[in-house]
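Working notes, beginning with the structure itself.
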6 protein chains.
Amino acid sequence: MLLSADLRAALGAVSTATITTILLKKGIRRAFMAGPKPLTNFPRLVGPAFTMRFIPAREDLATPESWASPRSTRAAIEDMPEGVIAVGDARGLTEAAIFGDILVARMKKRGVTALVTDGTLRDGVGVLGTGMPVWCAGVAAPASVAGHTFVGWQEPIGCGGVAVFPGDVIVADGDGAVVIPQALVEDVAKLGPEQERFENWALAEVEKGHPLPGLYPPNEANRARYEAETKKG
Amino acid sequence: MLLSADLRAALGAVSTATITTILLKKGIRRAFMAGPKPLTNFPRLVGPAFTMRFIPAREDLATPESWASPRSTRAAIEDMPEGVIAVGDARGLTEAAIFGDILVARMKKRGVTALVTDGTLRDGVGVLGTGMPVWCAGVAAPASVAGHTFVGWQEPIGCGGVAVFPGDVIVADGDGAVVIPQALVEDVAKLGPEQERFENWALAEVEKGHPLPGLYPPNEANRARYEAETKKG
Amino acid sequence: MLLSADLRAALGAVSTATITTILLKKGIRRAFMAGPKPLTNFPRLVGPAFTMRFIPAREDLATPESWASPRSTRAAIEDMPEGVIAVGDARGLTEAAIFGDILVARMKKRGVTALVTDGTLRDGVGVLGTGMPVWCAGVAAPASVAGHTFVGWQEPIGCGGVAVFPGDVIVADGDGAVVIPQALVEDVAKLGPEQERFENWALAEVEKGHPLPGLYPPNEANRARYEAETKKG
Amino acid sequence: MLLSADLRAALGAVSTATITTILLKKGIRRAFMAGPKPLTNFPRLVGPAFTMRFIPAREDLATPESWASPRSTRAAIEDMPEGVIAVGDARGLTEAAIFGDILVARMKKRGVTALVTDGTLRDGVGVLGTGMPVWCAGVAAPASVAGHTFVGWQEPIGCGGVAVFPGDVIVADGDGAVVIPQALVEDVAKLGPEQERFENWALAEVEKGHPLPGLYPPNEANRARYEAETKKG
Amino acid sequence: MLLSADLRAALGAVSTATITTILLKKGIRRAFMAGPKPLTNFPRLVGPAFTMRFIPAREDLATPESWASPRSTRAAIEDMPEGVIAVGDARGLTEAAIFGDILVARMKKRGVTALVTDGTLRDGVGVLGTGMPVWCAGVAAPASVAGHTFVGWQEPIGCGGVAVFPGDVIVADGDGAVVIPQALVEDVAKLGPEQERFENWALAEVEKGHPLPGLYPPNEANRARYEAETKKG
Amino acid sequence: MLLSADLRAALGAVSTATITTILLKKGIRRAFMAGPKPLTNFPRLVGPAFTMRFIPAREDLATPESWASPRSTRAAIEDMPEGVIAVGDARGLTEAAIFGDILVARMKKRGVTALVTDGTLRDGVGVLGTGMPVWCAGVAAPASVAGHTFVGWQEPIGCGGVAVFPGDVIVADGDGAVVIPQALVEDVAKLGPEQERFENWALAEVEKGHPLPGLYPPNEANRARYEAETKKG
């Protein structure tokens, strides 16, 4: 689950938009999560997925007492390595939060890079106060036990309609969060920065007044011009 | 996960409507699954839950090849004991089926009592042809790999917004499917038949022209009358 | 709230499809309820609306005990005159039923013409057994207290996205249920049968091979022909 | 847009479930329409798509008067060749029907094979009475002008979340309706019957008690056995 | 419906997150409204609920003329006492606003504390300009008559899936809005501040590096430590 | 499709809230789009609609290669006259964006006034960086080909549940976007400013403490007072 500093840096320079396009060209159409959005402005963040799984609440299971159980969100958090992005499968349910400020503060303390969920968080103001970057489907006051039963961590999960396995890599930015299957991480890290470079050049061309056809995607002439202008020297 | 013949018989005489009311009185409000409906008319059926878990499809995972993997629906089916009710967590997704007629036929052959899912089945006509009683959210032609990745069996799951653990008991009838938490099975088996007896008496009273207030729920006089009429001799 | 036998007979000969078209020509676009469908085949039925209002359940309010309160569904049912169509505002919530077989049996006994709701019923088999025609959004086992608090009857309500006032007239058939504002009942009863007569003639023409343009809606020639053929003698 | 009798016969022997699997293997994951279901039991039907496009109603456009316009559903119907399957893009809106019994009767008269829509029909009983096989998202009384403006035919459309072009081929059966891109029709007609033959053999094996692993999908031994048993002679 | 200054102050110091937890421990799981969110940043606000009820629009009822009727939103607003929180049941419909800037300005003038609705407001910029704190499901330009018929005030309503009775107390903050049943207001006002005190202590402990297990919820040792540290002196 | 500077200026002074009310009085209830919201604060903008139509993606159609086709979004953008408001029919699908920053930058360069869609945009930060005012249903990273096939421009479309024809006029502000049917543009431009003048007067009256009944809508006395105070001199 280690992610080298080089890979982390390379991916941090690639937008989620570009990553989804690269994955699409490799046949992966389901990578972008529906639901998680940044709660406020955060920089782009990258990390291996640390998964958490919730199922629906049942009154005999989801009680304040369950918070002290060994199979609790508390235990999961204490098991999170530094640098991961925690991903919580809330089945898209927004009526009850999966975490509040105290748990998020502990994650921050443990060096977790970000928290991503297709559910909600509570104590929204407090969560922002912890400084932890969070991507979620909004805020809601009720505690997790009002809607969720926590059942385990580092299992395969779904989040926002996308499969996430421990060891996959998450990239999150202003557009939302994308999962890169573990086997494709190096490919994306290689192709992404080049694609960004081209998009920046194309955007600059547009700003100079160049029309789109033949530019984006580039025809041969523009491809050659791009290469001449950007690769020289 | 055994369910004695006595318990099975007792629960088979209690409607899912009555079971939800008994569970409600015991504080369990989330027991009835949203989604699963009988695909045609079936008798009421009872069995311990055998759970199956699916997460969203991803093109690198959910392929026809995955059907031969050891962590496949095929392996899960071969592990099902006689008399269970298989419960498939499809996250309510109806665009791709979890099973078609061949897999359902094998379940039938193995003595599975019923199949319950908040997703869909394919080859609907073929599925009915197997004789297996199924409760589902309809039919859809696409194979599971078009929408689902199978990740395991006999884990805690959600189905239709309800938590289901292996060992819980499922009862399914014309209204749909309900889960009885394992610890409450004996209570429900004890209280249910008596409640049904009272409801039958009350219905007969209504048919004789008795008004509802004081009858259902019964005031003391009607409670006494019911007991005199039904318990005597 | 009386509906004369003549009006009842006239409206009983007009489909809900035709009624929505007549209302549309009078500027009423919101008359057909989304949600209520016949639970099995029933004949077309007509009656003044008897409204019932539910709000969301709250655990301190919606208890089995509340069933004996004077502001209960039981009291509402005992207040229903013969010949009404009871309309239950369930806010489109399908997770908990508003009624089961015993209450429906009592409504049948009191001469209620039909029950219409944008929610669900429980004991579906039992409800059909009472012989009461019901239009609903399906069946679900949980009792009303699991999702609803009953708050009153003969108030203005919404049902299936449509406003219903006591005294409006409901017509329900295979397509679903429509509300006719009280002030328009006589107009619909006058225009409807004539519109049905024309539609039957047009359908017969189509079956004879007549193309649609100029027939439906009719141009002057076809209008004249229709009148000649149907009104003569 | 012609579909030879051979292709029609070949495809008529292949279930929509099998077709979606074949398309999936060819990289097409979006072919099955969400929404259209058979209104009653119909045989499997095949035909080239004849598309119809609706946009939302606007009170100045969608009036009973518009039914007589040259750009009307009437004109579209008169343009339908024999043997097509008419496909109506209703944007999944179920509150207003796209057609009633008179228009469907005319389609039947013109030899249209079936009508498929992600919207609703009105006069449900009358529609069934025409004998036209229809796949739809249910019935609703309001006329199309209450929710739709008809804007054209034989244009590319969406239906049930799937792109449909004139000339694509539609197959509809008990599971619903699938679109085969025109360029893939011959492939599907070639591969489908063989796949059905294998599935029938596998189902028979299951009924004889054969377990699933190695059978479906078949390992080499079972593949050989299948070929020996079914291809001999 | 009076709310003493003491109760108001006590509740104003308790987050909606904490209130839902306290209510959950008392068996109330349905108290947090789905839908209403603060339109911009507002402080936490507290007040007794003043309810308003809307049903769906019907073209003969919901007209600009209806705004002058005695049963109008205008009359309701003139009946609002100072210090209440107005709660509008819009059935979750977001297509038409319940109020615009002029009505909200009048509410502000009358000393209303806040406006909460599961529907939308119009003239969003103007509404913010009035200075009235509003919790709503967003903004939409159409007037209420385009989607709603106002039918009364100070009746039991649903809002965001939650029952609200006149006299219940509303608390709204950054997470959204919660209803406290009247009978539980004093309990919440007593338990809430203590719970907040503990949460603040736990958060400070987390920030010092204390792990979660045994801290939140506290084991005996931590409970004792908390009491020693916070209650002494 | 020209819109005179006078009409543009007149409409620019009328809020979308007021426009929907004027249209409602003229019988148009479906004019406000559900979905498009300003991505950040923009001034009110006005322009004739330039429509773009997307249908669902199909893997054989919606590929990166299609971006270079003559029937591409690129060609549509090069066809946009200065001053139009581009309106993209994304069928409300939010999982894949219709445009990213490069295409939006080109639209800005061409003098397009604004972009309105019921779908999403990608590269949200980049889009804001272009300075183009956009009204959309949020942001999402996946490219259009992941969810959409572009099929044409300047055709009738639906957007946010509303019909839009080339030549209709769009007005967008903080509340969202409204379409004015071409035939009603002059009427709205005439009635709108007067209605705004009255609303401003009424708001000022409210701020002076005037109660609502008789003021908004005005009775004869207040109407006279308004006219005296605002029209004098």
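The values are calculated or read from the model by the stated rules, or taken from the named source; none is laboratory data. A quick note: this is a predicted structure, and the numbers were derived from the prediction, not measured. When we count neighbours, we look across all protein chains shown, and the Cβ atoms used for this are built from the backbone with ideal geometry, even at glycine. Side chains are part of the model used for accessible areas, which takes the heavy atoms of the whole protein and leaves out ligands, DNA and RNA. Shrake-Rupley method; radii C 1.70, N 1.55, O 1.52, S 1.80 Å.
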message: Take A:P213 and tell me if it is away from chain E (no Cβ under 14 Å), open to solvent by 10 Å² or more (accessible area, probe 1.4 Å) and part of a loop (DSSP other than H, G, I, E, B).
response: yes
message: So, in region A:161-174, exactly how many residues are outside any strand (DSSP E or B) and either modelled with pLDDT under 95 or open to solvent by less than 10 Å² (accessible area, probe 1.4 Å) (or both)?
response: 2
message: Being of a type in the set (G, A, S) and over 30 Å from D:I180 (Cα atoms) is the filter here; which residues of region B:142-165 pass it?
response: B:G152, B:G158, B:G160, B:G161, B:A163
message: Residues that are touching a helix residue (DSSP H, G or I) at 6+ places or on another chain (Cβ under 9 Å) and open to solvent by less than 30 Å² (accessible area, probe 1.4 Å): list the strands (runs of 3 or more DSSP E) wholly contained in region D:38-138 that include at least 3 such residues.
response: D:45-56, D:97-99
field: Test for A:A5: is it crowded, with 21+ Cβ neighbours inside 10 Å and either closer than 30 Å to A:A96 by Cα or more than 11 Å from chain F (Cβ to nearest Cβ) (or both)
entry: no
message: Take the conditions part of a loop (DSSP other than H, G, I, E, B) and touching a strand residue (DSSP E or B) at 6+ places or on another chain (Cβ under 7 Å) and apply them to F:R30. Does it pass?
response: yes
- line: Out of (1) touching a Ser or Thr at 6+ places or on another chain (Cβ under 9 Å); (2) farther than 20 Å from C:P156 by Cβ; (3) not aliphatic (A, V, I, L, M), the one E:F54 does not meet is (2)
field: Every residue from region B:194-210 that is farther than 22 Å from B:A17 by Cα and either touching a residue at least 60 places away in the same chain (Cβ under 8 Å) or surrounded by 13 or more Cβ atoms within 10 Å (Cβ to Cβ) (or both)
entry: B:H210
- prompt: Any residue at all in region C:146-158 that is surrounded by 24 or more Cβ atoms within 10 Å (Cβ to Cβ) and polar (S, T, N, Q)?
  reply: no
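Residue-by-condition table, conditions (1) within 30 Å of F:V179 (Cβ to Cβ); (2) more than 15 Å from the chain's Cα centre (by Cα):
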residue	(1), (2)
D:L11	no, no
D:L24	no, yes
D:M52	yes, no
D:P70	yes, yes
D:R74	yes, yes
query: Quick check: anything in region B:218-232 modelled with pLDDT under 95, surrounded by 18 or more Cβ atoms within 10 Å (Cβ to Cβ) and in contact with a Phe, Trp or Tyr (Cβ under 8 Å, 6 or more places away or on another chain)?
result: yes
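Examine region C:34-49 for a residue that is under 30 Å from C:E95 (Cα atoms), of a type in the set (S, T, Y) and touching a Pro at 6+ places or on another chain (Cβ under 8 Å), and state whether such a residue exists.
No, region C:34-49 has no match at all.
Say whether the condition of being within 14 Å of another protein chain (Cβ to nearest Cβ) and in a loop (DSSP other than H, G, I, E, B) is met by at least one residue in region D:20-27.
yes
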query: If you go through region A:120-151 one residue at a time, how many are over 18 Å from E:Y216 (Cβ atoms) and among the small types (G, A, S)?
result: 6
field: Hits in region E:13-36 (condition: surrounded by fewer than 22 Cβ atoms within 10 Å (Cβ to Cβ) and under 27 Å from E:V139 (Cβ atoms))
entry: E:A34
- line: Residues of region E:158-182 being more than 13 Å from chain C (Cβ to nearest Cβ) and of a type in the set (A, V, I, L, M, F, W, C), in sequence order, are E:V169, E:I170, E:V171, E:A172, E:A177
message: Kindly evaluate C:R44 against the criterion of being within 14 Å of chain D (Cβ to nearest Cβ) and either of a type outside the set (S, T, N, Q) or within 23 Å of C:V112 (Cβ to Cβ) (or both).
response: yes
- prompt: Within region D:190-213, is even one residue under 30 Å from F:L61 (Cβ atoms), modelled with pLDDT of 95 or more and of a type in the set (A, V, I, L, M)?
  reply: yes
